[in-house]
Each structure stands twice: as structure tokens, then as C-alpha cells.
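Okay, structure first, notes after.
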Amino acid sequence: MRRSGSWRRGRTARQRRAFAVGGALLGVASAMLLAAWRSSGFLSDLLLNLGASVVLAAISYVIFDPLFEEARKARVQEHLSFDQQAFVARLHRSGRRVRILDTWTILLEQQHRAATLAAVEAALRSGAQVQLLLLDPDCTAAQQRSEELERQRVNVPKQIRANLRHLAALQEKLDREDKGLRPRLQVRIYDASPSIQLYQWDGQALISFFPIGKLSFNVPQLEVDMDSPWGGFVHARFEELWEHEQATLSLERYWSAAVTLSHDGFDAVEVQVPYVSVDGQHYIDCRQFRLNPLLTVRAQLPPRTTGSPAGVFALAEPADGDRTAATSVARLFDQKYGPGGGQRTIVRLVPQDSVDGRTPNPRSHTGADPHGR
């Protein structure tokens, strides 16, 4: 529906422009013909011929301009590969809309990261809405894509987590320095099979597909107009993923989880904590508060499904005997948030009903004091 409305508005604007130009030319022609009627001799003949030519030009413009415009938009230009520098330059000049749909983006790797982030800020200051939609690093499709790229030795979940870490840092920077720009930068992750790669700047875009065993940046890219059928197709795919509540998750909810600390049966405070989920278990970094045996937490994990009831959890120190080894959990925190330098206090969330009626093992279960006691 959004796409249809946008297309109609664009078509109406083009029609208005064609009629406006045609009307102006007809006005000029009318003035010439009127002057020819009032004149005589050579001047009258000259104005009569010029007026007739302008009338013909006006009619031709109204008829053929929309046809030429549609033909231009239907033209597809092929590029042999994705040119990072060229796209960053276009991104820097964008003033209306920037959209990226990918598994992860090479633009945030070391070589182009600084220029890309600067271009994103420039686009935001020019009034553009910037939307990035990357693959969920914890979903099955991310692991499958890694297997497809095994010969390339690419760890897709690790690449995505690094992208998201840099984007979260940019969001935090905008929150500190320019909160007016912050709402126009939106980042989400999607849990679905990747099918199309999209890099859009204003009304143009580069699109490609994901080949087996090859990086999508190293295959031909099609440059299309977003008002063309090709553009309409990828626009619809982006909108479908972006608006899907079950398939997408905002970067804010991916980055931290809201947990309510309860002490001796009473809610004490709600805090945002870093977390990771692996093998169906959830871990949080609770360095913000001290541990004590009476604390439980109430949280909605995983945070993908809004509106679902929050669970109540006890806290347990991760051990190598768990489903996932403690060293692996610590490594996941480092991949998601960057090296912790040994400063993290990682605990595993244990559903309360699994420990009710039993005395918690003091060596494996712990709690925290939200007041720091």
C-alpha cells in the first residue's frame, strides 16, 4: 500500500510538471500569435511561424516527456562488483532516504568504516532517513550463510555482530551530541533467509542476490531507479521484512535487555543489562549490582516477541558443565560488545519454576543486591 501511494504521488508530480511546462509554452505561443495578428508584414509572418512552432513543441513535450521519463527509469545499469567508495560518496550526498538490506555490510569494515559513518551523519544532517536491516547473527540463516562461505573462511555471525557494535556506538554518539538526528537513524535485524541485497540512496539503488560460495559484494550489481518495476520489487521486500514484528528486532532491544530486580519478593529497580542467548539459555552481565542469594530477576527473554509475559529467573554462575561452556559464553559477550577486559560479571538466568521447592546450591546459584549492600 505504501509503495502504491508513493508511485501514484510520483506519477502525479511528473504529470503536473509536464502540464505546467506545456501550459507555459502554450502561453508563450498564444502571445506570439496575438502579436502576429496585431502586426503586419515580415514581423507578422515571423511571429506566426514562431508561435506555431512553440505550439507544436508544447504538444510534443506533454506527449513524449512522460514516455522518455518511463524509459529512463526502466533502464538498468550493470556494475561488475560493489564499489564501496562510490556508494559512500553517494551516501554523503543523500538528502531523502538511505536503505541498506544485507547480511552484514562491508562498509563498516576497517577500510571504509570512518568514511561510511561520516557519510551517514552527513545524510542525517541533510534530512535523510537512514534505515539498515541486517541479518540476525543468532539465527539459523546466519550459520547457514557461514557454511556457504566456508571456503572464504567468513564467520558471518561474527561479521554481523561487529557491524552492530559499530552502529550501536554511532547511536550512542548521536544520543550524546545531536539527539535531533538520532530518530532518523534506525537499525533492525531480521530472522529470515537472505535473498536480496539492497543499497539505496534517495531514488536510486544497487541490488544483487546472494550467490552460493561467493560474497555478494564480488558479483554483478544492478543499478536501478526505485520507481521502476525492479525498484518496486526490492522496496516491497524491504518493507515486508522491516514491518514484520516476529521476524525483526530493533538494535536497541538486541543490544540490551530490560530486567526488573526483585529482592525478597518485592520489585526494587529496572535496569538495562547486556545479554547473550545461546543454546536456548540466556546470560546477562550484572556488573552493575552486587550479588546476594535472595535476588531474582523478571525479564522478557528473548526480547523478540513483544507483549509476551515476562519470566522470573534465579541467577546461576556459568560453569563448564552447562550446556554451553563458560568460556564460550564469555567469548560471545566479547564478540557482541567488544573485549570486556575481565570486568564482566556473567550469570545464567535459571527459570524460577526449575528451582522452586529446592534449596539452591550456593556454589552454582547466586543473587544480587540492587542497593549495592
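The values are calculated or read from the model by the stated rules, or taken from the named source; none is laboratory data. The structure displayed is predicted, hence computed values, not measured ones. Note that each Cβ is placed from the backbone with ideal geometry, even for glycine, and that neighbours are counted across all protein chains shown. Side chains are part of the model used for accessible areas, which takes the heavy atoms of the whole protein and leaves out ligands, DNA and RNA. Shrake-Rupley method; radii C 1.70, N 1.55, O 1.52, S 1.80 Å.
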A student applying the Cα gyration tensor rule (rounded when a/c is under 1.5; otherwise prolate if a/b is larger than b/c, oblate if not) would label the range 154-214 oblate
Trypsin sites (Lys or Arg not before Pro) in the range 71-141 lying in a DSSP loop, each with at most 11 other Cβ atoms within 10 Å of its Cβ, come to R75
Per its Cα gyration tensor (rounded if a/c is under 1.5, else prolate when a/b beats b/c, else oblate), the range 239-288 is best filed as prolate
The range 101-254 accessible area per residue, 1.4 Å probe, protein heavy atoms, integer Å², reads 43 Å²
Expressed as a percent, the accessible surface of the range 111-179 that is carbon or sulfur, using a 1.4 Å probe and the full set of protein chains, is 39 percent
Mean Cβ-within-10 Å packing, highest first, puts peptides 257-263, 82-88 in the order 257-263, 82-88
Spelling it out for A268: with amide H atoms placed in the peptide plane at 1.01 Å from N, the residues 5 or more places away or on another chain with amide H under 5 Å from its amide H are L261, S262, H263
By the Cα gyration tensor axes a ≥ b ≥ c (a/c under 1.5 gives rounded; else a/b larger than b/c gives prolate, otherwise oblate), the shape of the range 200-328 is prolate
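Counting only protein heavy atoms, what percent of the accessible surface of the range 184-301 is carbon or sulfur at a 1.4 Å probe?
Working: 2640 of 4970 Å².
The computed percentage sits at 53.
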Rounded to the nearest 10 Å², the 1.4 Å probe accessible area of K158 is 110 Å²
Counting only protein heavy atoms and leaving out ligands, DNA and RNA, the solvent-accessible surface of H79 at a 1.4 Å probe, in Å² to the nearest 10, equals 50 Å²
